[in-house]
Amino acid sequence: MPTGRVEGNYDLPPGGLLQPPPGGPGIEVTGTLTSRDSGTIEGSLRCGDLRIEDGTLIVRGPVVANGRILLRRARLEVQGDLKAASLTGEKGVTVRGNLECAEVEIGGHVEVSGTTKAESFEVGGSADLTGAVDLTTLDVGGRVLIGGGTVRRSIEVGGKFETTAPLSFGSLEIGGMGRFRASAQGESVEVGGMIDCDADFIATRGTEIGGRIRVAGLLRSARIEVGGFLSAGSLQGEEIEVGGVTEVTGAVSARRLEVGGRLSAERVVVTDRIEVGDEIRTTSGVKADVLRVGDRSTVRGPIVAREVTIGDRAVVEDVWAGRLRLESRAQANNVYAEEIEAESRVEVAGQTQYIRSLRGEGARFAQTPQKVSQLPPAPL
(Lines give C-alpha, C1' and ligand atoms only; values in the text may rest on other atoms or scores of the structure.)
Protein backbone atom coordinates (compact mmCIF):
# COMPACT_ATOMS: atom_id res chain seq x y z
CA MET A 1 0.00 0.00 0.00
CA PRO A 2 1.30 3.50 -0.78
CA THR A 3 1.80 6.03 1.98
CA GLY A 4 1.76 9.81 1.84
CA ARG A 5 1.19 11.36 -1.59
CA VAL A 6 -0.08 9.44 -4.65
CA GLU A 7 0.24 11.07 -8.06
CA GLY A 8 -2.72 10.41 -10.33
CA ASN A 9 -5.49 7.90 -9.64
CA TYR A 10 -5.46 5.08 -7.12
CA ASP A 11 -7.68 2.00 -6.61
CA LEU A 12 -7.99 0.76 -3.04
CA PRO A 13 -8.50 -3.01 -3.14
CA PRO A 14 -11.19 -4.72 -1.00
CA GLY A 15 -10.25 -4.51 2.67
CA GLY A 16 -7.39 -2.17 1.81
CA LEU A 17 -5.70 0.11 4.35
CA LEU A 18 -3.96 3.40 3.64
CA GLN A 19 -1.69 4.82 6.33
CA PRO A 20 0.23 8.09 6.40
CA PRO A 21 4.01 8.02 6.70
CA PRO A 22 5.40 8.28 10.21
CA GLY A 23 4.72 11.80 11.47
CA GLY A 24 2.58 12.62 8.42
CA PRO A 25 -1.01 13.90 8.75
CA GLY A 26 -2.64 11.63 6.17
CA ILE A 27 -3.02 10.55 2.55
CA GLU A 28 -3.16 12.72 -0.58
CA VAL A 29 -4.28 11.38 -3.99
CA THR A 30 -3.96 13.97 -6.72
CA GLY A 31 -6.44 12.19 -8.99
CA THR A 32 -9.42 9.93 -8.24
CA LEU A 33 -9.41 7.57 -5.28
CA THR A 34 -11.61 4.52 -5.88
CA SER A 35 -12.51 2.16 -3.04
CA ARG A 36 -13.77 -1.25 -4.14
CA ASP A 37 -15.70 -2.84 -1.29
CA SER A 38 -14.78 -1.87 2.29
CA GLY A 39 -11.56 -0.16 3.24
CA THR A 40 -9.90 2.10 5.82
CA ILE A 41 -7.81 5.25 5.62
CA GLU A 42 -5.86 6.25 8.70
CA GLY A 43 -5.55 10.00 9.21
CA SER A 44 -6.76 12.67 6.83
CA LEU A 45 -7.59 12.29 3.15
CA ARG A 46 -7.21 14.82 0.35
CA CYS A 47 -8.11 13.82 -3.21
CA GLY A 48 -9.62 14.93 -6.49
CA ASP A 49 -12.71 12.71 -6.81
CA LEU A 50 -13.68 9.95 -4.39
CA ARG A 51 -15.58 6.88 -5.64
CA ILE A 52 -16.77 4.10 -3.32
CA GLU A 53 -18.12 1.14 -5.28
CA ASP A 54 -19.37 -1.12 -2.48
CA GLY A 55 -19.22 -1.71 1.27
CA THR A 56 -18.04 1.00 3.67
CA LEU A 57 -15.03 3.29 3.52
CA ILE A 58 -13.86 4.56 6.91
CA VAL A 59 -11.61 7.61 7.08
CA ARG A 60 -10.11 8.22 10.51
CA GLY A 61 -9.68 11.95 9.98
CA PRO A 62 -10.99 14.84 7.85
CA VAL A 63 -11.69 14.54 4.11
CA VAL A 64 -11.24 17.19 1.41
CA ALA A 65 -12.35 16.22 -2.10
CA ASN A 66 -11.68 18.93 -4.67
CA GLY A 67 -14.19 17.25 -6.98
CA ARG A 68 -17.17 15.04 -6.25
CA ILE A 69 -17.81 12.09 -3.94
CA LEU A 70 -19.84 9.24 -5.45
CA LEU A 71 -21.18 6.28 -3.47
CA ARG A 72 -22.47 3.23 -5.37
CA ARG A 73 -24.21 0.72 -3.07
CA ALA A 74 -21.82 2.02 -0.42
CA ARG A 75 -21.40 4.01 2.77
CA LEU A 76 -18.85 6.60 3.84
CA GLU A 77 -17.82 7.26 7.44
CA VAL A 78 -15.63 10.28 8.15
CA GLN A 79 -14.22 10.79 11.64
CA GLY A 80 -13.65 14.49 11.11
CA ASP A 81 -14.78 17.27 8.76
CA LEU A 82 -15.91 16.56 5.20
CA LYS A 83 -15.60 19.05 2.36
CA ALA A 84 -16.43 18.35 -1.29
CA ALA A 85 -17.92 19.95 -4.38
CA SER A 86 -20.79 17.40 -4.45
CA LEU A 87 -21.84 14.29 -2.55
CA THR A 88 -24.17 11.73 -4.12
CA GLY A 89 -24.93 8.15 -3.23
CA GLU A 90 -27.41 5.38 -2.51
CA LYS A 91 -26.87 4.24 1.06
CA GLY A 92 -25.54 6.70 3.60
CA VAL A 93 -22.92 9.05 5.03
CA THR A 94 -21.71 9.64 8.59
CA VAL A 95 -19.62 12.73 9.38
CA ARG A 96 -18.27 13.15 12.91
CA GLY A 97 -17.36 16.77 12.25
CA ASN A 98 -18.60 19.54 9.94
CA LEU A 99 -19.96 18.99 6.43
CA GLU A 100 -19.46 21.57 3.68
CA CYS A 101 -20.70 20.59 0.24
CA ALA A 102 -22.53 22.57 -2.43
CA GLU A 103 -24.77 19.67 -3.44
CA VAL A 104 -25.80 16.66 -1.34
CA GLU A 105 -28.04 13.88 -2.66
CA ILE A 106 -28.17 10.65 -0.65
CA GLY A 107 -30.78 7.91 -0.94
CA GLY A 108 -30.45 6.48 2.57
CA HIS A 109 -29.35 8.07 5.85
CA VAL A 110 -27.11 11.07 6.57
CA GLU A 111 -25.65 11.86 9.98
CA VAL A 112 -23.59 14.99 10.69
CA SER A 113 -22.34 15.76 14.20
CA GLY A 114 -21.14 19.30 13.47
CA THR A 115 -22.45 22.09 11.26
CA THR A 116 -23.89 21.42 7.81
CA LYS A 117 -23.39 23.90 4.98
CA ALA A 118 -24.79 23.28 1.49
CA GLU A 119 -26.83 24.81 -1.30
CA SER A 120 -29.03 21.79 -2.04
CA PHE A 121 -29.43 19.04 0.58
CA GLU A 122 -31.60 16.09 -0.47
CA VAL A 123 -32.01 12.79 1.39
CA GLY A 124 -34.41 10.03 0.45
CA GLY A 125 -34.47 8.37 3.86
CA SER A 126 -33.62 10.18 7.10
CA ALA A 127 -31.12 12.78 8.32
CA ASP A 128 -29.65 13.66 11.72
CA LEU A 129 -27.95 17.06 11.44
CA THR A 130 -27.33 17.72 15.11
CA GLY A 131 -25.35 20.92 14.60
CA ALA A 132 -26.54 24.18 13.05
CA VAL A 133 -27.37 24.20 9.34
CA ASP A 134 -26.70 26.78 6.63
CA LEU A 135 -28.68 25.60 3.61
CA THR A 136 -30.55 26.97 0.63
CA THR A 137 -32.95 24.01 0.26
CA LEU A 138 -33.62 20.95 2.43
CA ASP A 139 -35.59 17.98 1.09
CA VAL A 140 -35.93 14.79 3.16
CA GLY A 141 -38.29 11.95 2.33
CA GLY A 142 -38.59 10.54 5.86
CA ARG A 143 -37.46 11.95 9.21
CA VAL A 144 -35.02 14.80 9.86
CA LEU A 145 -33.47 16.32 12.98
CA ILE A 146 -31.52 19.58 12.76
CA GLY A 147 -29.84 21.72 15.38
CA GLY A 148 -31.40 24.95 14.15
CA GLY A 149 -29.79 27.48 11.82
CA THR A 150 -30.96 28.82 8.46
CA VAL A 151 -32.66 27.30 5.42
CA ARG A 152 -32.98 30.29 3.10
CA ARG A 153 -35.43 29.00 0.51
CA SER A 154 -37.46 25.86 1.27
CA ILE A 155 -37.81 22.87 3.59
CA GLU A 156 -39.75 19.79 2.43
CA VAL A 157 -40.07 16.79 4.76
CA GLY A 158 -42.24 13.76 4.15
CA GLY A 159 -42.35 12.50 7.74
CA LYS A 160 -41.21 14.14 11.00
CA PHE A 161 -39.19 17.35 11.23
CA GLU A 162 -37.49 18.26 14.51
CA THR A 163 -35.26 21.14 15.63
CA THR A 164 -33.31 21.68 18.85
CA ALA A 165 -32.27 25.34 18.39
CA PRO A 166 -33.74 28.50 16.76
CA LEU A 167 -34.50 28.13 13.04
CA SER A 168 -35.14 30.63 10.24
CA PHE A 169 -36.52 29.49 6.90
CA GLY A 170 -38.30 30.50 3.71
CA SER A 171 -41.11 27.99 3.17
CA LEU A 172 -41.76 24.88 5.27
CA GLU A 173 -43.77 21.87 4.08
CA ILE A 174 -44.15 18.79 6.32
CA GLY A 175 -46.22 15.74 5.54
CA GLY A 176 -46.36 14.51 9.14
CA MET A 177 -45.25 16.30 12.31
CA GLY A 178 -43.05 19.29 13.15
CA ARG A 179 -41.39 19.41 16.58
CA PHE A 180 -39.62 22.67 17.48
CA ARG A 181 -37.75 22.83 20.79
CA ALA A 182 -36.83 26.51 20.17
CA SER A 183 -38.22 29.44 18.18
CA ALA A 184 -38.90 29.23 14.44
CA GLN A 185 -39.43 32.07 11.99
CA GLY A 186 -40.11 31.95 8.25
CA GLU A 187 -42.46 32.98 5.49
CA SER A 188 -44.98 30.17 4.90
CA VAL A 189 -45.86 26.86 6.58
CA GLU A 190 -47.91 23.90 5.36
CA VAL A 191 -48.18 20.81 7.59
CA GLY A 192 -50.41 17.80 7.03
CA GLY A 193 -50.33 16.61 10.63
CA MET A 194 -49.32 18.71 13.62
CA ILE A 195 -46.90 21.33 14.94
CA ASP A 196 -45.50 21.35 18.48
CA CYS A 197 -43.30 24.34 19.41
CA ASP A 198 -41.78 25.20 22.81
CA ALA A 199 -41.21 28.90 21.96
CA ASP A 200 -42.40 31.50 19.40
CA PHE A 201 -43.55 30.35 15.96
CA ILE A 202 -43.81 33.04 13.26
CA ALA A 203 -44.66 32.68 9.56
CA THR A 204 -45.08 36.08 7.93
CA ARG A 205 -47.23 34.97 4.96
CA GLY A 206 -49.34 32.03 6.06
CA THR A 207 -49.67 28.91 8.21
CA GLU A 208 -51.83 25.94 7.21
CA ILE A 209 -52.07 22.96 9.58
CA GLY A 210 -54.22 19.94 8.75
CA GLY A 211 -54.39 18.61 12.31
CA ARG A 212 -53.34 20.54 15.40
CA ILE A 213 -50.80 23.12 16.55
CA ARG A 214 -49.36 23.89 19.98
CA VAL A 215 -47.11 26.93 20.46
CA ALA A 216 -45.88 27.78 23.95
CA GLY A 217 -45.09 31.39 23.02
CA LEU A 218 -46.38 33.70 20.29
CA LEU A 219 -48.04 32.25 17.20
CA ARG A 220 -48.11 34.92 14.48
CA SER A 221 -48.92 34.68 10.78
CA ALA A 222 -50.80 36.73 8.21
CA ARG A 223 -53.20 33.84 7.63
CA ILE A 224 -53.65 30.93 10.02
CA GLU A 225 -55.76 27.92 9.05
CA VAL A 226 -55.98 24.93 11.39
CA GLY A 227 -58.20 21.92 10.79
CA GLY A 228 -58.36 20.75 14.40
CA PHE A 229 -56.98 22.14 17.67
CA LEU A 230 -54.95 25.33 18.29
CA SER A 231 -53.10 26.17 21.50
CA ALA A 232 -50.81 29.19 21.95
CA GLY A 233 -49.39 31.56 24.52
CA SER A 234 -50.61 34.48 22.40
CA LEU A 235 -52.10 34.61 18.90
CA GLN A 236 -51.77 37.26 16.16
CA GLY A 237 -52.91 37.18 12.55
CA GLU A 238 -54.86 38.89 9.84
CA GLU A 239 -57.23 35.99 9.14
CA ILE A 240 -57.51 33.09 11.58
CA GLU A 241 -59.68 30.05 10.97
CA VAL A 242 -59.75 27.05 13.32
CA GLY A 243 -62.03 24.08 12.78
CA GLY A 244 -61.98 22.85 16.36
CA VAL A 245 -60.96 24.30 19.73
CA THR A 246 -58.71 27.35 20.26
CA GLU A 247 -57.01 27.82 23.64
CA VAL A 248 -54.82 30.91 24.17
CA THR A 249 -53.23 31.80 27.50
CA GLY A 250 -52.80 35.49 26.65
CA ALA A 251 -54.33 37.76 24.03
CA VAL A 252 -55.77 37.10 20.58
CA SER A 253 -55.40 39.84 17.96
CA ALA A 254 -56.77 39.50 14.43
CA ARG A 255 -58.67 41.17 11.63
CA ARG A 256 -61.01 38.21 11.11
CA LEU A 257 -61.47 35.21 13.39
CA GLU A 258 -63.54 32.07 12.87
CA VAL A 259 -63.54 29.19 15.35
CA GLY A 260 -65.70 26.12 14.83
CA GLY A 261 -65.55 24.96 18.44
CA ARG A 262 -64.58 26.67 21.70
CA LEU A 263 -62.41 29.80 22.04
CA SER A 264 -60.72 30.69 25.32
CA ALA A 265 -58.26 33.55 25.91
CA GLU A 266 -57.39 36.32 28.34
CA ARG A 267 -58.86 38.79 25.82
CA VAL A 268 -59.81 38.80 22.14
CA VAL A 269 -59.57 41.88 19.92
CA VAL A 270 -60.73 41.55 16.30
CA THR A 271 -60.93 44.60 14.05
CA ASP A 272 -63.45 43.11 11.62
CA ARG A 273 -65.58 40.00 12.15
CA ILE A 274 -65.57 37.12 14.63
CA GLU A 275 -67.61 33.92 14.49
CA VAL A 276 -67.45 31.14 17.09
CA GLY A 277 -69.52 27.98 16.83
CA ASP A 278 -69.49 26.81 20.44
CA GLU A 279 -68.18 28.92 23.34
CA ILE A 280 -66.12 32.05 23.94
CA ARG A 281 -64.45 32.25 27.33
CA THR A 282 -62.36 35.33 28.21
CA THR A 283 -61.15 37.14 31.32
CA SER A 284 -61.03 40.73 30.02
CA GLY A 285 -63.55 40.33 27.21
CA VAL A 286 -63.94 40.11 23.45
CA LYS A 287 -63.99 43.13 21.13
CA ALA A 288 -64.84 43.14 17.43
CA ASP A 289 -66.50 45.19 14.73
CA VAL A 290 -69.03 42.41 14.01
CA LEU A 291 -69.62 39.50 16.36
CA ARG A 292 -71.87 36.52 15.67
CA VAL A 293 -72.52 34.11 18.54
CA GLY A 294 -73.81 30.83 17.15
CA ASP A 295 -77.02 29.07 18.14
CA ARG A 296 -76.80 27.37 21.56
CA SER A 297 -73.35 28.90 22.08
CA THR A 298 -71.99 30.48 25.29
CA VAL A 299 -69.87 33.60 25.90
CA ARG A 300 -68.16 34.06 29.26
CA GLY A 301 -66.77 37.56 29.69
CA PRO A 302 -67.91 40.95 28.34
CA ILE A 303 -68.69 41.56 24.65
CA VAL A 304 -67.90 44.86 22.90
CA ALA A 305 -68.76 45.33 19.21
CA ARG A 306 -70.38 47.66 16.73
CA GLU A 307 -72.78 44.94 15.64
CA VAL A 308 -73.63 41.87 17.74
CA THR A 309 -75.93 38.94 16.95
CA ILE A 310 -76.71 36.44 19.71
CA GLY A 311 -78.03 33.22 18.19
CA ASP A 312 -81.01 31.11 19.20
CA ARG A 313 -80.68 29.77 22.77
CA ALA A 314 -77.20 31.27 23.10
CA VAL A 315 -76.11 32.43 26.58
CA VAL A 316 -73.95 35.55 27.11
CA GLU A 317 -73.01 37.83 29.98
CA ASP A 318 -72.61 41.63 29.52
CA VAL A 319 -72.87 43.19 26.04
CA TRP A 320 -71.89 46.63 24.74
CA ALA A 321 -72.96 47.21 21.13
CA GLY A 322 -73.95 49.73 18.53
CA ARG A 323 -76.60 47.39 17.19
CA LEU A 324 -77.62 44.31 19.18
CA ARG A 325 -79.84 41.48 17.98
CA LEU A 326 -80.95 38.76 20.42
CA GLU A 327 -82.54 35.84 18.62
CA SER A 328 -85.25 33.60 20.03
CA ARG A 329 -84.63 32.25 23.56
CA ALA A 330 -81.21 33.90 23.87
CA GLN A 331 -80.11 34.84 27.40
CA ALA A 332 -77.99 37.79 28.56
CA ASN A 333 -76.99 39.44 31.80
CA ASN A 334 -76.67 43.21 31.15
CA VAL A 335 -77.08 44.75 27.68
CA TYR A 336 -76.03 48.26 26.63
CA ALA A 337 -76.61 49.25 23.00
CA GLU A 338 -77.67 52.11 20.77
CA GLU A 339 -80.26 49.87 19.10
CA ILE A 340 -81.67 46.62 20.54
CA GLU A 341 -83.84 44.01 18.85
CA ALA A 342 -84.94 41.10 21.05
CA GLU A 343 -87.03 38.26 19.69
CA SER A 344 -89.61 36.23 21.59
CA ARG A 345 -88.64 34.46 24.80
CA VAL A 346 -85.36 36.34 25.08
CA GLU A 347 -84.30 36.81 28.72
CA VAL A 348 -82.18 39.68 30.08
CA ALA A 349 -81.37 39.10 33.76
CA GLY A 350 -79.82 42.50 34.54
CA GLN A 351 -79.90 46.02 33.14
CA THR A 352 -81.10 47.00 29.67
CA GLN A 353 -79.99 50.42 28.42
CA TYR A 354 -80.38 51.82 24.90
CA ILE A 355 -79.95 55.16 23.13
CA ARG A 356 -82.15 55.12 20.00
CA SER A 357 -84.52 52.18 19.81
CA LEU A 358 -85.68 48.99 21.54
CA ARG A 359 -87.87 46.32 19.97
CA GLY A 360 -88.57 43.50 22.38
CA GLU A 361 -92.08 42.14 21.99
CA GLY A 362 -92.20 38.81 23.75
CA ALA A 363 -88.83 39.32 25.47
CA ARG A 364 -88.50 39.24 29.25
CA PHE A 365 -86.50 41.98 30.99
CA ALA A 366 -85.77 41.54 34.71
CA GLN A 367 -85.36 45.32 35.02
CA THR A 368 -87.33 47.92 33.09
CA PRO A 369 -85.33 48.95 29.99
CA GLN A 370 -83.96 52.51 30.18
CA LYS A 371 -83.51 54.94 27.33
CA VAL A 372 -80.32 56.92 28.01
CA SER A 373 -78.23 59.56 26.28
CA GLN A 374 -74.97 57.81 27.00
CA LEU A 375 -74.07 54.17 27.68
CA PRO A 376 -71.79 53.07 30.50
CA PRO A 377 -68.12 52.84 29.41
CA ALA A 378 -67.15 49.53 27.82
CA PRO A 379 -64.36 47.48 29.45
CA LEU A 380 -62.38 47.22 26.18
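The values are calculated or read from the model by the stated rules, or taken from the named source; none is laboratory data. Please read all numbers here as calculations on a predicted model, not as lab measurements. We place every Cβ from the backbone using ideal geometry, glycine too, and count neighbours over all the protein chains shown.
For the structure I just gave you, tell me whether Gly362 is at pLDDT 95 or above and at positive phi. It is false that Gly362 is at pLDDT 95 or above and at positive phi. Counted as qualifying within region 282-380 are the strands (runs of 3 or more DSSP E) with 1 or more residues that are within 26 Å of Ser253 (Cα to Cα) and touching a strand residue (DSSP E or B) at 6+ places or on another chain (Cβ under 6 Å), namely 298-300, 303-310, 319-326, 335-342. Report, ordered by the first and then the second residue, all pairs with beta carbons closer than 7 Å, sequence separation of six or more or different chains, a first member in region 23-51 that is on the phi > 0 side of the Ramachandran plot, and a second member that is of a type in the set (Val, Ile, Thr). Qualifying pairs under 7 Å: Gly43/Ile27.
Please verify whether Gly178 is in contact with a Cys (Cβ under 9 Å, 6 or more places away or on another chain), at negative phi and either part of a strand (DSSP E or B) or in the same structural domain as Val316 (by TED's automatic domain parsing) (or both), treating the condition exactly as stated. Working first, answer last.
Numbers: in contact with a Cys (Cβ under 9 Å, 6 or more places away or on another chain): yes; at negative phi: yes; either part of a strand (DSSP E or B) or in the same structural domain as Val316 (by TED's automatic domain parsing) (or both): yes.
When the stated conditions are applied, Gly178 passes them.
Only one of the numbered conditions (1) at pLDDT 95 or above; (2) surrounded by fewer than 22 Cβ atoms within 10 Å (Cβ to Cβ) is not met by Val286, and that is (2).
May I ask you to say which residue of Arg75, Arg36, Arg5 is out of contact with any Asp or Glu (no Cβ under 7 Å at 6 or more places or on another chain), basic (Lys, Arg) and either at pLDDT below 95 or surrounded by 21 or more Cβ atoms within 10 Å (Cβ to Cβ) (or both)?
Arg75
Among the residues of this structure, Val335 counts as one that is closer than 19 Å to Ser357 by Cβ and crowded, with 24+ Cβ neighbours inside 10 Å.
Residues that are under 14 Å from the mean Cα position of the chain (by Cα) and acidic (Asp, Glu) were ranked within region 197-244; the one that is nearest to Glu162 (Cα to Cα) is Asp198. Could you tell me which of the residues Ala127, Ala132 is crowded, with 17+ Cβ neighbours inside 10 Å, without any contact (Cβ under 8 Å) to a residue 60 or more places away in the chain, under 24 Å from Ala65 (Cα atoms) and touching a Leu at 6+ places or on another chain (Cβ under 8 Å)? Matching residue, one of Ala127, Ala132: Ala127.
Which members of region 264-281 meet the condition of being part of a strand (DSSP E or B) and more than 20 Å from Ala222 (Cβ to Cβ)?
If we filter region 264-281 for residues that are part of a strand (DSSP E or B), which is where we start, we get 264-276, 279-281.
Within region 264-281, Ser264, Glu266, Arg267, Val276, Glu279, Ile280, Arg281 qualify.
Pairs are defined by a Cβ separation below 7 Å, a sequence spacing of at least 6 or placement on different chains, a first member in region 260-289 that is more than 14 Å from Leu235 (Cα to Cα) and not assigned by TED's automatic domain parsing to the domain that holds Leu380, and a second member that is acidic (Asp, Glu) and in a loop (DSSP other than H, G, I, E, B); the pairs so defined are Gly261/Asp278; Arg262/Asp278.
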